[in-house]
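Quick notes on the structure that follows.
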Amino acid sequence: MPVCKPCLAGALLLGLGACTTVGPVPGTVEYAAATVSRAYDCGLRVDRSRIIARLDRQERQRFIEANAGYAVKSYKAPRRCEASERERVQGEIGALARR
């Protein structure tokens with residue numbers, strides 16, 4: 001049986017290596033929704049209606065649905081952000097509002 005233990009351990013390590021969380025892809029509506037949600041977590045002021053107005057008509061509903069999903073996750077597990085993350089998110093929100 002000692003031969004099987006390293007084999008099992010290797011299989012577990014490979015399995016854990018594949019367990020990564022993948023967030024939304026930058027530039028997508030889902031990414032914009034996640035960024036808006038994170039901005040709220042960081043206590044930033046967000047003009048959500050202005051961001052929605054700049055989206056294509058077909059993308060607006062996807063944004064609203066994705067944003068609602070992120071809001072629920074954020075409410076269940078709120079996270080604070082550090083100054084560097086807050087600055088990054090603030091810049092992204094500004095870019096979304098000008099998009």
- Of all residues in the stretch 70-87, which are loosely packed, with under 14 Cβ neighbours inside 10 Å and modelled with pLDDT of 80 or more? GLU82, ALA83, SER84, GLU87
- Would you mind stating whether ARG38 is open to solvent by 60 Å² or more (accessible area, probe 1.4 Å) and either within 24 Å of ARG98 (Cβ to Cβ) or modelled with pLDDT of 95 or more (or both)? no
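Quick one: in the stretch 44-59, which of the residues that are farther than 16 Å from ARG98 by Cα and without any contact (Cβ under 8 Å) to a residue 40 or more places away in the chain is surrounded by the fewest Cβ atoms within 10 Å (Cβ to Cβ)? Give the steps one after another, and end with the answer.
Taking the stretch 44-59 and keeping what is farther than 16 Å from ARG98 by Cα, we get 44, 57-59.
Now narrow it down to the ones that are without any contact (Cβ under 8 Å) to a residue 40 or more places away in the chain: 57-59.
Working: ARG57: 6, GLN58: 8, GLU59: 16.
Among those that are farther than 16 Å from ARG98 by Cα and without any contact (Cβ under 8 Å) to a residue 40 or more places away in the chain, it is ARG57.
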- Quick one: how many residues across the stretch 1-35 are open to solvent by 50 Å² or more (accessible area, probe 1.4 Å) and modelled with pLDDT of 90 or more? 5
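The values are calculated or read from the model by the stated rules, or taken from the named source; none is laboratory data. Predicted model only: the values in this text are computed from it and were never measured. Quick reminder, even Gly has a Cβ in these numbers, built from the backbone with ideal geometry, and neighbours come from all protein chains shown. Side chains included, ligands, DNA and RNA excluded: accessible areas come from the protein's heavy atoms. Shrake-Rupley method; radii C 1.70, N 1.55, O 1.52, S 1.80 Å.
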